[in-house]
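What follows is a short report on a single structure.
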Amino acid sequence: MGTPVDVAAAKFGSDVVIFDTTLRDGEQSPGISLDAREKVEIAEQLARLNVDVIEAGFPAASPGDFDAVKAVAEQVGNTRRGDGKPPVIAGLARAMDADIEAAAKSLSQAENFRIHTFLSTSDIHRRYMLQASEDEILQQSIRAVEFARSFTDDVEFSPQDATRTDFEFLVDIVAAAVEAGATTVNIPDTVGYALPHDFGAWIRQLHERVPDIAAKGVVISVHCHNDLGLAVANSLEAVRNGARQVEVAVNGIGERAGNCSLEEVVMAIRTRQDLLGVDHALDTRELTKTSRLVTGLTGYSVQKNKAVVGSNAFAHESGIHQHGVLQDRLTYEIMKSEDVGADGSQIILGKHSGRHAFKQAVDELGFELSDDEFQAAFARFKDLADRKGLVSHEDVRAIVIDETHVHTDDEFQLVSIAASSATGATPKAHVEIRRASADEIVSAEATGDGMVDAACKAIRDSLGFEDVTLVSYQVAAITEGIDAQGHVTVTLQMGDSGPFTGRGVSTDIVEASARAYLDALNRSRRISHRTKEFRP
């Protein structure tokens, strides 16, 4: 059927297929729990980014994940991207009939969907996790691919921990998966063990040793983890040697040290086409917006010097650098900031700004709000403008994200909070919380080690929670300056359930903390805890 480039181009219209796993592997990062609405919101932005394949989750892991994948399939799997085609929606499944059936059922409403099934193949995984022989693994893989093909003609197979698998066995299992009907075979560097030159050689040799890859038009994919900081390098080397799908996550989030960073690998491909000779179909002007949305909804911030989307990615402080950039940006910039959407809106709003100005700001940031969401966000904006005067586009973005992830069925809503502290005095806080189901306002006052601690205790006391453990607490400034809004992320353990992550935004850190704490408590009522599963 031709070269690997021909195969990918024929199926997706681009040389390299971008498979995004932010909603599946990215969500497996400790403390991240996205509900269906948040997954849909991120998936919609990934569609605007023109991602080819969106892996929406692991449907068999929990009822909550099943519902989230189903929502993405229904609401995004039929949405036309810039090229007029909807993205492919994928769901992960172990090589088990029940998992594959759950994936097929959750994905069925998407115009194009893919079942991604996997099974461990390395000696260490087979010995300690599966207690299975190579032949048993081979037969189970074949059965899984064949069963998945009974639901869709788009099936991906992953031999988990491929880079620690005996290469001869890897060749056998790739050949068997292709023969069984897999249309994509993914080679995952599950534990980030590979080095670029070896990994690239494996991809090249697989094409040479398994002629059916080319004969049947199968796409070889790679899924690289970042344990040694080499996920992007390994992925690029794989592309150089014939891989035509790269599995990525926004901001590089994922298990342990994370996944191959979407923004880094796509800009490397775009910037160094002279060496790689391939391209993708992404609208890179959406990269910064996508990065910030994922940051806002997951609570996982990127460092300032993060490649492509970090706040310093196009900043210059050195006099020599500044002089060069003022003469010609190419002296110290290999990418244009506007090509990744990082030039930034110049929105400056204040307390005298009205609804029309705020609406324009929201539209320019790319948000679509319902009337109720707009009214709530506008009220928050006016309150913020009274507090700090000028409001930046980042302030507006934070307000909108904070308001739009609030659910109408949230049981607990912050009515008011008052906290105080003084040298030599014990910090205290008083809160009023609305309980929606009872249509009542409850209140409590508590003391603590600090005002935030006191506020959290007051919330627990007012609602009657006892077995709640604070696992983590993070604060980040959204903008520069002493009047910046604070973005607080908390993770709670509720007895044996959890973790549940909540987020809150305010110029008052105590208020932001209370909002985040209540958000986590609300999530504990909505989200079914995901079971511990083996994943590639």
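Every read-out reported here was derived from the displayed coordinates using simple, explicitly stated rules and does not represent laboratory data. What you are looking at is a predicted structure, and each value in this text was computed from that prediction instead of being measured.
Rg/Rh for the chain (Cα atoms only, Rh after Kirkwood) is 1.00. Across the cross-link table entries K105/K306; K306/K382; K336/K388; K39/K306; K70/K306; K85/K289, which are compared at the Cα atoms, the separations over 30 Å belong to K105/K306; K306/K382; K336/K388; K70/K306. Reported to the nearest whole Å, the Cα centre-to-centre distance from the range 53-96 to the range 144-183 is 21.
Counting only DSSP H runs of at least 4 residues, each contributing -39500 (n - 2.57), and dividing by the residue count of the chain, the helix-based mean residue ellipticity at 222 nm comes to -12000 deg cm²/dmol. Helix 63-75 versus the longest principal axis of the chain: what angle, 0 to 90°, nearest 10, using Cα atoms? Between helix and principal axis, roughly 80 degrees. Taking the three principal axes of the alpha carbon atoms in the range 348-404, the coordinate ranges are 26, 18, 18 Å, sorted in descending order.
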